[in-house]
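J.: Quick one: this structure, given as structure tokens, is what I'll be asking you about.
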Amino acid sequence: MDGPLDPIAAYWNDAAPGFDREPDHGLRAPGTRGAWRRRLAGWLPGTGLDVLDAGCGTGSLAVLLAEAGHRVMGVDLAPAMVGLARAKFAAAGLAGSFLVGDASRPPTGDGRYDAVLCRHLLWTLPDPHAALREWAARLRPGGRLLLIEGRWREAGAAVEPYAPGTEGLPWAGGITASALTAALRPLARELQVEPLEADEELWGGPVRDERYAIVARV
């Protein structure tokens, strides 16, 4: 492996077989799956939207979006994650497209979308501000950037790098809603922040850290 992102891809490839054991990753419990389905319907109402799932992982949220009648394009750096996402769609009889690539610069050409979804990815990126600009640029006029994020470490606390090349990530340990809102303000004409930590069904149990969603309209 030669590229700077290859060790990161290798880490997530190794994580892929056990990724869905986390309740909010695999969405295997009916209550958890239903909770995410209801939230997504509120954030991306209606049907027939073109949605880019940046950092799609094993495709659990992409499946819910496709079941709701949206057209989904998923991108993930790890081939193993993309393989599992494709398998989920095939098993469910759903249509969707998935690409292996850098989610912060999705290799989707000139494609434009009604919504870009990103869940729990920003903490892994070397330049999250550039990623936000890139995703906003992929939206059609009036499109929505849906970010589901959180802050999993105390401010200023040291975070161990999870793979070679991840030392000094600017948002390691997550990002607070207030800080992410400030980063999005120059890119969006409207911002809606929704706290999520109190909704235990989303996470498969209680959580003690900050969890939230931001819907940014460009």
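J.: Would you rank TYR113, TYR11, TYR162 by solvent-accessible area, highest first, keeping every protein chain in place and using a 1.4 Å probe?
T.: Accessible-area ranking of TYR113, TYR11, TYR162, largest first: TYR11, TYR162, TYR113.
J.: In deg cm²/dmol, rounded to 500, what helix-only [θ] at 222 nm does the chain give when every DSSP H run of at least 4 residues adds -39500 (n - 2.57) and the total is split over its residues?
T.: That comes out to -10000 deg cm²/dmol.
J.: Given a 1.4 Å probe and every protein chain left where it sits, what share in percent of the accessible area of the chain is carbon and sulfur?
T.: Using a 1.4 Å probe with all protein chains present, the chain comes out at 52 percent carbon and sulfur.
J.: Quick check on the range 89-208: what are the equivalent-ellipsoid semi-axes from the Cα gyration tensor, as sqrt(5λ), descending, whole Å?
T.: Listed largest to smallest, the semi-axes of the range 89-208 are 24, 19, 18 Å.
J.: In terms of modelled amide H atoms, which long-range or inter-chain residues lie less than 5 Å from the amide H of ARG71?
T.: Those lying under 5 Å, H to H, from ARG71 are GLY48, LEU49, ASP50, VAL51.
J.: Where does the range 53-117 land on Rg(C-alpha)/(2.2 N^0.38 Å)?
T.: Values: Rg = 10.7 Å, N = 65, 2.2 N^0.38 = 10.7 Å.
Output field value: 0.99.
J.: Sort 17-24, 124-131 by the packing proxy (mean of other Cβ within 10 Å over each peptide's residues), most packed first.
T.: Going by the mean number of other Cβ atoms within 10 Å, highest first, we get 124-131, 17-24.
J.: So what are the range 22-86's ellipsoid semi-axes, whole angstrom, largest first, if each one is the square root of 5 times an eigenvalue of the alpha-carbon gyration tensor?
T.: Whole-Å semi-axes of the equivalent ellipsoid: 19, 16, 8.
J.: For ARG112, enumerate residues with amide H under 5 Å from its amide H, sequence gap 5+ or separate chain, H modeled in the peptide plane.
T.: Sorted by chain and number, the residues that satisfy this come to none at all.
J.: Hey, if you drop one equal point scatterer on each alpha-carbon of the chain and run the Debye formula without solvent, what base-10 log of I(q)/I(0) do you get at q = 0.10, 0.13, 0.14 Å⁻¹?
T.: -0.40, -0.71, -0.85
J.: Tell me the per residue accessible area of the range 1-73 using a 1.4 Å probe; a whole number in Å² is fine.
T.: For the range 1-73, the solvent-accessible area averages 45 Å² per residue.
J.: Karplus couplings for the range 3-19 from phi (6.51 cos²θ - 1.76 cosθ + 1.60, θ = phi - 60°), rounded to Hz, Gly and Pro as x?
T.: In residue order, the calculated couplings are x, x, 8, 4, x, 5, 4, 5, 4, 6, 4, 5, 6, 4, x, x, 4 Hz.
J.: Where does each of TRP123, TRP43 land when they are ordered by accessible area, with a 1.4 Å probe and the largest first?
T.: Final ranking, largest accessible area leading: TRP123, TRP43.
J.: Same structure again: Nearest 20 debye, what's the magnitude of the dipole of the chain about its Cα centre given +1 on Lys and Arg Cβ and -1 on Asp and Glu Cβ? Mind dumping the intermediate values first?
T.: Details: 23 positive and 27 negative charges, 159 e Å.
Once rounded to the nearest 20, the dipole reads 760 debye.
J.: Right, here's the next one. Going by amide H atoms built from the backbone, whose H comes under 5 Å of the H on TRP152, apart from near neighbours?
T.: GLY174, ILE175
The values are calculated or read from the model by the stated rules, or taken from the named source; none is laboratory data. What you see is a predicted model, and the numbers here were worked out from it, not measured in a lab. Counting neighbours? That spans all protein chains shown, and the Cβs are built from the backbone with ideal geometry, glycine included. Heads up: the accessible areas ignore ligands, DNA and RNA and are worked out on the full protein's heavy atoms, side chains in. Shrake-Rupley method; radii C 1.70, N 1.55, O 1.52, S 1.80 Å.
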